[in-house]
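S.K.: Structure in structure tokens, see below.
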Amino acid sequence: MFKRILEILPAMCLATGTAWAAESPFIGEWKLDPSKSSMPGEMKVQSEGGNKYAFDFGGGAETIVVDGSSQPGYGGTLLSVKAKAPDTWIVERKKDGRLQLKATWKLSKDGSTLTDYYREFESDGSTLSMDYVYQRTGGGPGFAADWRSIKETMNSPFSMPVKEFQGDGLSFITPSEQETKNVKFDGKEYPNEGPNADRGASSSIRRVDERTLVITDKAGGKVRDTEEVELSADLKALTLTVHIAGRGKPNVMVFERR
């Protein structure tokens, strides 16, 4: 549903990158602690007249007709939205014939809140399940609004393995999203890998100190987010703070070493 800063490292740190990565305390299996994490969501739904709406989930507006049919979306996907009832919409996204996600939106009677039962289906058969409660912050009427989450509930396990990459780099793996960020401490951008990685998405990394890293994610040449990766003093916890472009409140994900 993962995802998004200080001074540049001196040259002497880059010279010792290989040895550092091989012994990196960031390497390991990390499991999300939902009770300590905050993953606020924002989305915009704008009426374009008739049954046509523009949906912006953070990757730019996708304009489709709300009739349940699959229509072109971003990243080579097909997006569909079906009005099951006046207060219920079903949102689905497919790619290459496979259902990637399904969300059931329920609008409150007064139209002030929207509950999103979000399910993401992975190629290995697993399901990522999250429930959001959004509050209207502008726009309207009905589902057309600016929505900001006030409650997020993670219903399924979420892990993030970190492995060594080519001796002097790191691989940040998100199994639930089928995406891997391979990065090296050389100031260069490396393309994201995996069946669900966005086309044209890349990442770079820099080290702030022995327990703090900063990852910059780009899509289409533009910064999509920056991620502060910080280890606790005892190296048993990892905090990922994602600053998404255009959003004021970051996602804060706290992981425990497995």
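S.K.: Treat the chain as a sphere of radius equal to its Kirkwood radius over Cα pairs and apply Stokes-Einstein at 10 °C in a medium of 1.306 mPa s; give the translational diffusion coefficient in µm²/s, rounded to a whole number. Walk me through the numbers on the way to the answer.
M.R.: Values: Rh = 19.5 Å.
Value of D from the Cα-based Kirkwood radius: 81 µm²/s.
S.K.: So between residue 99 and residue 163, what do we pick up on full extension, going 0.36 nm a residue minus the alpha carbon distance?
M.R.: On the way: separation 64, 0.36 × 64 = 23.04 nm, distance 2.90 nm.
So the extension gain works out to 20.1 nm.
S.K.: Could I ask something else about it? Placing +1 at every Lys and Arg Cβ and -1 at every Asp and Glu Cβ, with all other atoms neutral, what dipole size does the chain have around its Cα centre, in debye to the nearest 20? Before the final figure, lay out each step's value.
M.R.: Values: 35 positive and 37 negative charges, 123 e Å.
Using only the charged Cβ atoms, the result is roughly 600 debye.
S.K.: For the chain, what is the mean residue ellipticity at 222 nm derived from helices alone (per DSSP H run of n ≥ 4: -39500 (n - 2.57); sum divided by total residues; nearest 500 deg cm²/dmol)?
M.R.: Values: 2 runs with 11 residues, N = 258.
Mean residue ellipticity at 222 nm (helix-derived): -1000 deg cm²/dmol.
S.K.: Please compute the Cα-Cα pair-distance distribution of the range 125-258 with 5 Å bins starting at 0, giving whole percents from short to long.
M.R.: Bins of 5 Å from zero give 2, 9, 15, 21, 20, 16, 10, 5, 2, 1, 0 percent of pairs.
S.K.: Of the cross-linked pairs 102/184; 52/181; 84/249; 109/249, which ones have a Cα-Cα span greater than 30 Å in the structure shown?
M.R.: Checking Cα-Cα distances, 102/184; 52/181; 84/249 exceed 30 Å.
S.K.: Considering the dipole of the chain built from charges on the beta carbon (Lys and Arg +1, Asp and Glu -1) around the Cα centre, which of 37, 70, 208 is farthest to its positive end?
M.R.: Positive-most Cα among the choices belongs to 70.
S.K.: Another one. How much length, in nm to one decimal, is gained on full extension between residue 258 and residue 108, taken as 0.36 nm per residue of separation minus their Cα-Cα distance? Present the calculation step by step, with values, prior to reporting the outcome.
M.R.: Values: separation 150, 0.36 × 150 = 54.00 nm, distance 3.97 nm.
Full extension from residue 258 to residue 108 adds 50.0 nm.
S.K.: Restricting to DSSP loop positions (anything but H, G, I, E, B) with no more than 14 other Cβ atoms inside 10 Å of their own Cβ, which trypsin sites (Lys or Arg not before Pro) remain in the range 195-232? Intermediate values should be presented prior to the final figure.
M.R.: Working: sites: 199, 206, 207, 211, 218, 222, 224; in loops: 199, 211.
Here the trypsin sites (Lys or Arg not before Pro) that fit, given the DSSP loop and packing criteria, are 199.
None of the figures in this text is laboratory data; all of them are computed from the coordinates on show. Here the structure is a predicted model, which means the values were calculated and not measured. Backbone-built Cβ (ideal geometry, glycine too); neighbour counts: all protein chains shown.
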